[in-house]
Amino acid sequence: MPFFDANPLEKLALQPDAADAELDLHGLTAAQAIQRVEQLLASDTTVTSYAIRFDAATEDGRETLFLPVGRCLLEARRTGRIARCLPLTAGNGFFIAFKD
């Protein structure tokens with residue numbers, strides 16, 4: 001098998017699993033979750049990236065925290081409070097990065 005050099009573009013991509021810290025929103029209501037996210041965004045933290053995780057979708061059809069939390073994070077990105085926001089691949093959370 002031939003040897004391939006590592007792709008230099010991988011260093012530029014955000015790696016959601018490489019977040020510096022995690023905010024756990026499992027079991028919270030939408031209002032509680034948004035309050036926790038707002039507290040995180042307002043805090044003077046030295047952490048540069050967070051993985052925000054919540055309960056995955058179930059077969060009962062109830063709304064998850066994906067839309068309400070996503071809307072809150074999108075607004076924070078628009079106003080410049082965070083630099084990046086990406087959904088996690090499993091669909092049960094977000095990766096956010098603060099400005100350097």
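Bear in mind that the values in this text are calculations on the coordinates, not laboratory data. Since we're looking at a predicted model, the values are computed, not measured. So basically every Cβ, Gly included, is an ideal-geometry build from the backbone, and we count neighbours across all protein chains shown.
Some points to look at:
- If the segment from THR29 to ARG84 were pulled out straight at 0.36 nm per residue, it would be longer than the present Cα-Cα gap by 17.4 nm.
- When only the Cβ of Lys, Arg, Asp and Glu is charged (+1, +1, -1, -1), the dipole of the range 15-97 relative to its Cα centre reaches about 360 debye.
- Of all beta bridges that DSSP places with both ends in the range 15-97, some 70 percent have antiparallel geometry.
- Here's how it looks for SER49: its modeled amide H is under 5 Å from those of ASP20, ALA21, PHE98, which are all 5 or more places away or on a different chain.
- Estimated dipole of the range 53-93 in Debye, rounded to 20 [Cβ of Lys and Arg +1, of Asp and Glu -1, Cα centre]: 400
- Taking GluC sites (Glu not before Pro) across the range 18-97, the ones in a DSSP loop with at most 10 further Cβ atoms lying within 10 angstrom of their Cβ are GLU59, GLU63.
- Taking a sphere under 11 Å around the Cβ of VAL47 and counting the other residues whose Cβ falls inside, with K and R at +1 and D and E at -1, yields a net charge of -3.
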